[in-house]
1. How much length is gained if the chain between residue 38 and residue 97 is pulled fully straight, taking 0.36 nm per residue apart and subtracting their Cα-Cα distance, in nm to one decimal?
2. With +1 on the Cβ of every Lys and Arg and -1 on the Cβ of every Asp and Glu, and nothing else charged, how large is the dipole of the chain about its Cα centre, in debye rounded to the nearest 20?
3. Relative to the longest principal axis of the C-alpha atoms of the chain, give the angle of the C-alpha long axis of helix 72-84, reported between 0 and 90° and rounded to the nearest 10°.
4. For residue 1, put the label point 7 Å out on the Cα→Cβ axis and report which residues of region 9-39 keep their amide N under 13 Å from it.
5. Quantify, in whole percent, the carbon and sulfur part of the accessible surface of the chain (1.4 Å probe; protein heavy atoms only).
6. Can you tell me what share of the DSSP beta bridges in region 1-141 is antiparallel? A percent to the nearest 5 is fine.
7. Take the Cβ-Cβ distance between residue 14 and residue 87 as r, set R0 to 25 Å, and report the resulting FRET efficiency rounded to the nearest 0.05.
8. Work through the residues other than residue 56 whose Cβ is under 14 Å from its Cβ and net out their charges, Lys, Arg +1 and Asp, Glu -1.
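The values are calculated or read from the model by the stated rules, or taken from the named source; none is laboratory data. This one's a predicted model, so the numbers in the text were calculated from it and none came from an experiment. Heads up, the Cβs are rebuilt from the backbone with ideal geometry, glycines too, and the neighbour counts pull from every protein chain shown. The area values use the complete protein model at the heavy-atom level, side chains included, leaving out ligands, DNA and RNA. Shrake-Rupley method; radii C 1.70, N 1.55, O 1.52, S 1.80 Å.
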Amino acid sequence: MIAVYDSTGREVGAEERAVVYRDGLWHASAGVLVRSGDGRSIYVHRRTDTKMVFAGMHDCIAGGVVAPAESPRQTAVRELAEELGITPDTDPTPLAQTSWDGEWSGRPMRCHMHLYELRYDGPIRHQPEEIAEGWWWPEQTLREHLTDPAWPFVPDSRHLLRGILT
C-alpha cells in the first residue's frame with residue numbers, strides 16, 4: 001500500500017501501488033541525491049529491468065514512494081538504506097519539492113516529489129532487485145547527459161533536478 005494524495009499534496013488515503021500507477025492517482029515520493037564529501041561528484045545508477053516503472057533507466061536519486069502515515073523524510077532515509085545500503089549519521093538535508101503531472105507508458109503519472117541531499121564517501125551496497133549498476137560522475141558529466149532528451153533517465157527525476165543541477 002502507498003499513500004494517495006490530492007493535487008494539492010494532502011494525504012487522502014491509501015491504495016495498492018499497481019492501482020495508483022494504473023489509474024494515475026496522485027502519490028508522493030521522496031529520495032536522496034548522494035554527493036561525494038567534497039560535493040563534486042554525484043552517485044548515478046541504472047535501475048533494474050524488472051522495476052514496475054522506469055525500468056532500466058538511469059537515475060541519481062535513491063528513493064521511492066511514501067507509505068501511508070510515513071513522512072517524506074522517513075521515506076528518503078528508508079529508501080537510501082534499502083537501495084544503496086547507506087545509513088547516514090545525520091539526516092539528509094532538504095533540497096527541493098515539486099509536483100510532476102506527467103505520463104508513463106501512455107498513462108498519467110502524478111507525483112509530489114521531495115528531494116534531500118547527503119554528502120557521503122562511504123561504501124555503497126546496491127539492492128540487487130532495484131539497482132543494476134552504479135558509479136560516481138562529476139556533476140558536469142551528469143548535467144551534460146541530462147541535456148540529451150534521448151538519454152534514458154527517469155523523467156520525474158529529470159523534472160525535479162531542473163534548477164538544482166545548473
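1. 18.8 nm
2. 220
3. Roughly 50 degrees, rounded to the nearest 10.
4. So the set is 12-17.
5. 48
6. So the antiparallel bridges amount to about 75 percent of the total.
7. Efficiency computed from Cβ-Cβ geometry: 0.40.
8. Value of the local net charge: -2.
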